[in-house]
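Bear in mind that the values in this text are calculations on the coordinates, not laboratory data. All of these numbers come straight from a predicted model, not from anything done at the bench. Cβ: placed from backbone, ideal geometry, glycine included. Neighbour counts: every protein chain shown.
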Amino acid sequence: MIDPRIDIERLKSSKEFTSWKENNQNSYLSDFFCILDNESSEDNVWQIDYYNPGEDTITSFELPADKRKSCRLKQASSKIYKKKNDVIEKLNLKKVEWNDASIVAIAKEKLKEKHPSEMPTKTILILQHNKELNRTIWNLTFMTSALNMFNAKIDASDGKILESSLKSALSLKKEILPGKD
């Protein structure tokens, strides 16, 4: 389990982060990301991204859920793929009241309620500020055994599901490659 408000301090106190931050004062926290292989277990590694608006780059750090393991710089100053005028929003952890385990439990309940035959096999979690919803959210996606994707956007401050949907993973091919079968 990871609690972003608490666990970010592990990253900020690491030698790699403090050394990097000295030369990147304008960079700010943009998101937490993880593919949960073992559903919030200590084996999971979180990617924490910092955006540099002056250079339009992202620097990624790895933060193991296992508190005994060290943080490390994963990739520095990577170019990002976004539309020219898109803004990478700053993530405010003061608005985060729910940890990853709680969010996964809420989403599983909703999936079971709306789509009882779907069984999650893999979980993708992103903690970010969503511009359209104008709030900090957990953006969760379950890959299911039926090759569907259940997505839920959950308010990070109160745990309410703001949006949810189920679509075939195979439909992504059509969205990514229009006109191709």
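Note on the range 93-176: with charges restricted to the Cβ of Lys and Arg (+1) and Asp and Glu (-1), its dipole about the Cα centre is near 180 debye.
Mind checking the range 72-165 for chymotrypsin sites (Phe, Trp or Tyr not before Pro) that DSSP puts in a loop (not H, G, I, E or B) and that have at most 16 other Cβ atoms within 10 Å? Each step should come with its number before you reach the end.
Values: sites: Tyr81, Trp98, Trp138, Phe142, Phe150; in loops: Tyr81, Trp98.
In loop regions of the range 72-165 (DSSP not H, G, I, E or B), the sparsely surrounded chymotrypsin sites (Phe, Trp or Tyr not before Pro) are Tyr81.
Along the range 86-98 the Karplus relation, 6.51 cos²θ - 1.76 cosθ + 1.60 evaluated at θ = phi - 60°, assigns HN-Hα couplings of 5, 10, 7, 6, 6, 8, 9, 6, 5, 8, 9, 10, 10 Hz to successive residues, with x for each Gly and Pro. Can you tell which of Asp100, Asp66, Asp31 shows the greatest fluctuation in a Gaussian network model of the chain with Cα springs below 10 Å? The residue that fluctuates most here is Asp66.
When only the Cβ of Lys, Arg, Asp and Glu is charged (+1, +1, -1, -1), the dipole of the chain relative to its Cα centre reaches about 320 debye.
The distance between label points at Ser157 and Lys21 comes to 2.5 nm (points 7 Å beyond Cα on the Cα→Cβ vector). Of all the options Ser13, Ser70, Ser27, the one that moves most in a Gaussian network model of the chain with Cα springs shorter than 10 angstrom is Ser13.
Which value at 222 nm does the chain reach when only helices count, each DSSP H run of 4 or more adding -39,500 (n - 2.57), with the total divided by all residues and rounded to the nearest 500 deg cm²/dmol?
Details: 4 runs with 38 residues, N = 181.
The helix contribution divided over the chain gives -6000 deg cm²/dmol.
Full extension of the segment from Lys67 to Asp43, taken as 0.36 nm per residue of separation minus the current Cα-Cα distance, would add 7.6 nm.
For Lys21, the lysines whose Cα comes closer than 27 Å to its Cα, not counting residues fewer than 8 places off in the same chain, are Lys12, Lys67, Lys69, Lys74, Lys79, Lys82, Lys83, Lys84, Lys90, Lys94, Lys95, Lys131.
Shown in residue order for the range 127-138 are the 3J(HN,Hα) couplings computed by the Karplus curve 6.51 cos²θ - 1.76 cosθ + 1.60 at θ = phi - 60°: 9, 7, 8, 9, 5, 5, 8, 6, 7, 7, 10, 9 Hz (x for Gly and Pro).
Here, the range 93-176 yields an orientationally averaged convex hull projection of 5.6 nm² when only Cα atoms define the hull.
Compactness of the chain was expressed as the Cα radius of gyration divided by 2.2 N^0.38 Å, which yields 1.07.
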